[in-house]
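Worksheet for the structure shown next.
The values are calculated or read from the model by the stated rules, or taken from the named source; none is laboratory data. Predicted model only: the values in this text are computed from it and were never measured. Positions of Cβ are backbone-derived with ideal geometry, glycine not excepted, and every protein chain shown enters the neighbour counts. Just so you know, the surface numbers come from the protein's heavy atoms only, side chains and all, with ligands and any DNA or RNA stripped out. Shrake-Rupley method; radii C 1.70, N 1.55, O 1.52, S 1.80 Å.
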Amino acid sequence: YINAGKDIEKSLSIKPNSVAYGLKATLYLREGKYHEAIENATNAIELNPQYMKCYEVRGRAKAGEEDYFGALKDATKAISLRSNYAKSYEVMGMAHMGLKDYPSAVSDYKKAAELFKKDGDRKNYKKMKKFVKLCRKRIKI
């Protein structure tokens with residue numbers, strides 16, 4: 001990631017662009033630097049309001065900062081731009097879980113699981129099924 005970060009910085013110094021900001025946001029998200037991820041995803045969205053992936057990344061970072069309403073808003077926007085993107089439903093589930101709206105989280109994670117399965121992503125499919133079970137347990141408590 002170190003070289004990727006340097007390449008992204010070089011690209012942004014030449015000409016700010018949504019793709020470079022989006023990549024930078026993703027790198028920060030992976031490092032757990034949520035504030036920086038949000039800032040860079042926002043820069044990308046300002047340059048390209050249709051950049052669906054950046055709404056998903058920003059929503060995930062907001063969930064990491066426990067801004068669940070902000071995460072929900074970004075996930076909803078991402079889904080409005082591309083309704084078959086599993087990771088956006090995952091973020092929606094994270095937000096609903098954070099808000100302790102477990103029935104909605106179950107629905108979100110089930111939809112994410114369905115889309116991951118359709119995409120052949122067995123690892124994330126299993127992960128979403130585990131979250132469905134966890135949320136169902138919390139409903140029963």
Quick check on the stretch 55-65. Is at least one of its residues open to solvent by 40 Å² or more (accessible area, probe 1.4 Å), out of contact with any Gly (no Cβ under 9 Å at 6 or more places or on another chain), acidic (Asp, Glu) and without any contact (Cβ under 8 Å) to a residue 24 or more places away in the chain?
no
Restricted to the stretch 77-90, and to residues that are in a helix (DSSP H, G or I) and within 14 Å of residue 49 (Cα to Cα), which residue is nearest to the chain's Cα centre (by Cα)?
78
Expected single match for at pLDDT 90 or above and open to solvent by 40 Å² or more (accessible area, probe 1.4 Å) among 9, 46 is 46
Which numbered condition residue 118 fails, given (1) closer than 14 Å to residue 57 by Cα; (2) charged (D, E, K, R); (3) open to solvent by 70 Å² or more (accessible area, probe 1.4 Å):
(1)
Working only within the stretch 119-129, note down all residues that are in contact (Cβ under 8 Å) with a residue 24 or more places away in the chain and more than 15 Å from residue 93 (Cβ to Cβ).
119, 121
